[in-house]
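These notes are about the structure you will find just below.
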Amino acid sequence: MIEVKDLSKTYKVGTDIVKAVDNVSLKVEKGEFLSIVGHSGSGKTTFLSLIGGLTKPDSGTVSIEGTDIWSISDNKLSELRNLKINFIYQFSSLIPTLDVIENVLLPTAFSRDKDKKYCDYAMELIETVGIQDKIKSYPSQLSGGQQRRAAIARAFINRPSIILADEPTGDLDEETEIEIMNLFKEMNKNNGITFLIVTHSSELAKHTNKQYRMLNGKLNEA
């Protein structure tokens, strides 16, 4: 599903060169449920953005289902992200002028498939994450945890093949964190979605089937 070879990304910070991702290789099979653990600044968020086609590497390749994502046009890359990949970010990134259901449905605006069943599925997802009483609320009217739940529902609306999640339960209490991880496991098992989760929490990583650790841009199996 995902194959990364010799991937590197550096940033210039003042006069210093920081190796955010340092010659990393990784294979992720279809339907895997894995995590990458690392502290802030270890390179895990950069690595996720490289895999998702949001950041271009200095060297190395990223292939999704055999397609080198940096060998195709911007339009093709955008289409691949829309059809195959969805992100759950550290922050909810909801559009402030849209209510909950409009935010959840937003990715479908860029889809060729205008199936009306999206609305029914959006309601199902909103109910699954437990904010069905907030469907007409705007982000400013939601708590941080409720915003995170809406963002999680949005990530599934296009029925992606891959979920890339960056600290997906960061604003949630422990009980809700477990509920969300159980939802991820269910989507993984029943829908075959491949999950790659990056987190600073070793406890959260224990919910996944395989764990890696990132330190100073290097990746090793935990």
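Computed from the coordinates by the stated procedures, all read-outs in this text should not be read as laboratory data. Remember, it's a predicted structure, so these values are computed and weren't measured experimentally. In this analysis, Cβ positions are derived from the backbone assuming ideal geometry, glycine residues included, and neighbour counts consider all displayed protein chains.
In loop segments of the stretch 110-219 as defined by DSSP, the trypsin sites (Lys or Arg not before Pro) with at most 10 further C-beta atoms inside 10 Å of their C-beta are Arg112, Lys114, Lys116, Lys136.
Name the longest site-free stretch of the chain, where the excluded sites are chymotrypsin sites (Phe, Trp or Tyr not before Pro) in a DSSP loop with no more than 16 other beta-carbon atoms within 10 Å. Excluding the exposed sites themselves, the longest stretch runs over 92-222.
Within the listed set Val129, Val104, Val198, the Gaussian network model of the chain (springs between alpha-carbon atoms below 10 Å) gives the highest mean-square fluctuation for Val129. Here the simple spin-label model places points 7 Å from the Cα toward Cβ, and for Asp68 and Thr55 these points are separated by 2.2 nm.
Lysines near Lys19 by alpha-carbon distance under 30 Å, same-chain residues fewer than 8 away left out - which ones? Those lysines meeting the cut-off are Lys5, Lys9, Lys27, Lys30, Lys44, Lys56, Lys76, Lys84, Lys206, Lys210, Lys218. Comparing Gly43, Leu77, Gly66 along the charge dipole axis of the stretch 43-93, the residue lying farthest to the positive side is Gly43, per the Cβ-charge model. Ellipticity at 222 nm from helices only: DSSP H runs of n ≥ 4 in the chain, each -39500 (n - 2.57), divided by the residue count, give -9500 deg cm²/dmol.
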